[in-house]
Structures are given as structure tokens and as C-alpha cells.
């Protein structure tokens, strides 16, 4: 039997290794939220893909990543995070309070689950300190 080193499987590690969240991971780093999202949690993260970030108006991501816009970036990113672990089986129509203090609108229909205007395209991506649900658009706080 070969023993392997167990690496961290926290939300940041899972997102980094997925290959479809490079923009999100870069934003989390620029916002200084890596340590938080590697913390004990648990967290539920609605994670926009690189394609979701690409849908934003041209220049939006670059502008948000600038050091002078760090607080705005933190506000946007923490709007994608819920305290606690919410699995797909727990989802029901509701207002879900995010870590930034505002609430996302969760809707459930025959077409699936949406948070605000973003469609959940993959659910229950497990991490050691929570869960990731993949969304097709970036949701923006009011």
C-alpha cells in the first residue's frame, strides 16, 4: 500500500484545482479572502465560473481587481457566500442572508435552482469546510 500526503481540500483548494474558477480564485486572492475561505467554516459558496465572469461588461473584472477597489471586490465576493453548509437537498425558495449582510433570492422551478439571476449549473461540490454550488453568472449586491 502506497501512502500519499493528504493535501488541503478546503474551498479555495477545491476551486483552484477545478480549472474553471481561475478568475474567482484570482479575485479571492486580490480581496484578501483566501485565509477566510480556508478557515473552519462551514461555508456555502455560489461560485461563478470563468465564463460567468466573462459575461460581465468589458473591463469590470480588471477594475474590481485593482487595489483601490478592494472593498468593492470584497463586497461582491462575500455576496456569493453563506455562513453554514447548505446542500442542494436543503434548498427551497427563500431569501438567503450572505456573509456581506445582504440577501440572495433563491428560486426553485422546474428549470432548476437560481440565486438572483444566476442559474445553479452544478451542486454539492464538496470541500472540507463547506460546499460549492457552481453558477453561470456573477451575482451583484444591490
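The values are calculated or read from the model by the stated rules, or taken from the named source; none is laboratory data. This structure is a prediction, so every number in the text was calculated from the model and none was measured. With ideal geometry, Cβ positions are generated from the backbone for all residues, glycine too; neighbour counts draw on all protein chains shown.
Table: residues versus (1) over 20 Å from residue 13 (Cα atoms); (2) in contact with a strand residue (DSSP E or B) (Cβ under 7 Å, 6 or more places away or on another chain).
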position	(1), (2)
30	no, no
67	yes, no
80	no, yes
84	no, yes
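If residue 71 satisfies every condition in (1) within 14 Å of the chain's Cα centre (by Cα); (2) surrounded by fewer than 19 Cβ atoms within 10 Å (Cβ to Cβ) but one, which is the exception?
Among (1) within 14 Å of the chain's Cα centre (by Cα); (2) surrounded by fewer than 19 Cβ atoms within 10 Å (Cβ to Cβ), the lone unmet condition for residue 71 is (1).
Taking the condition farther than 15 Å from residue 133 by Cα and without any contact (Cβ under 8 Å) to a residue 24 or more places away in the chain, does residue 70 pass? Step through it out loud before you land on a result.
On the way: farther than 15 Å from residue 133 by Cα: yes; without any contact (Cβ under 8 Å) to a residue 24 or more places away in the chain: no.
In short, no.
For a quick check of your reading: which strands (runs of 3 or more DSSP E) sit entirely within the range 97-142 and have at least 2 residues that are within 13 Å of the chain's Cα centre (by Cα) and at pLDDT 95 or above?
Values: elements: 103-109, 112-115, 118-127, 130-135.
Qualifying strands (runs of 3 or more DSSP E): 118-127, 130-135.
Consider residue 10 against the criteria (1) closer than 20 Å to residue 136 by Cβ; (2) crowded, with 19+ Cβ neighbours inside 10 Å: it satisfies all of them except one. Which criterion is unmet?
Here residue 10 meets the rest and fails (1).
Just to verify a result, which residue in the range 3-17, among those that are over 21 Å from residue 71 (Cβ atoms) and in contact (Cβ under 8 Å) with a residue 12 or more places away in the chain, is farthest from the chain's Cα centre (by Cα)? Explain how you work it out, then say what you get.
Filtering the range 3-17 down to residues over 21 Å from residue 71 (Cβ atoms) leaves 3-11, 13-17.
Add one more test, that the residue is in contact (Cβ under 8 Å) with a residue 12 or more places away in the chain, and what stays is 8-11, 13-15.
Working: 8: 18, 9: 15, 10: 13, 11: 9, 13: 13, 14: 11, 15: 9 Å.
By that ranking, first place goes to 8.
Can you give me the number of residues within the range 18-53 that are assigned to a helix (DSSP H, G or I) and without any contact (Cβ under 8 Å) to a residue 24 or more places away in the chain? Reasoning before the result, please.
If we filter the range 18-53 for residues that are assigned to a helix (DSSP H, G or I), which is where we start, we get 18, 22-31, 34-37, 50-53.
Filter once more, so that each one left must be without any contact (Cβ under 8 Å) to a residue 24 or more places away in the chain: 25, 29, 34-36.
Counting residues in the range 18-53 that are assigned to a helix (DSSP H, G or I) and without any contact (Cβ under 8 Å) to a residue 24 or more places away in the chain gives 5.
Which of the residues spanning the range 86-101 are surrounded by 15 or more Cβ atoms within 10 Å (Cβ to Cβ) and farther than 21 Å from residue 12 by Cβ?
As a first pass, look at the range 86-101 and keep what is surrounded by 15 or more Cβ atoms within 10 Å (Cβ to Cβ): 86, 91, 96, 98-100.
Within the range 86-101, 91, 96 meet the criteria.
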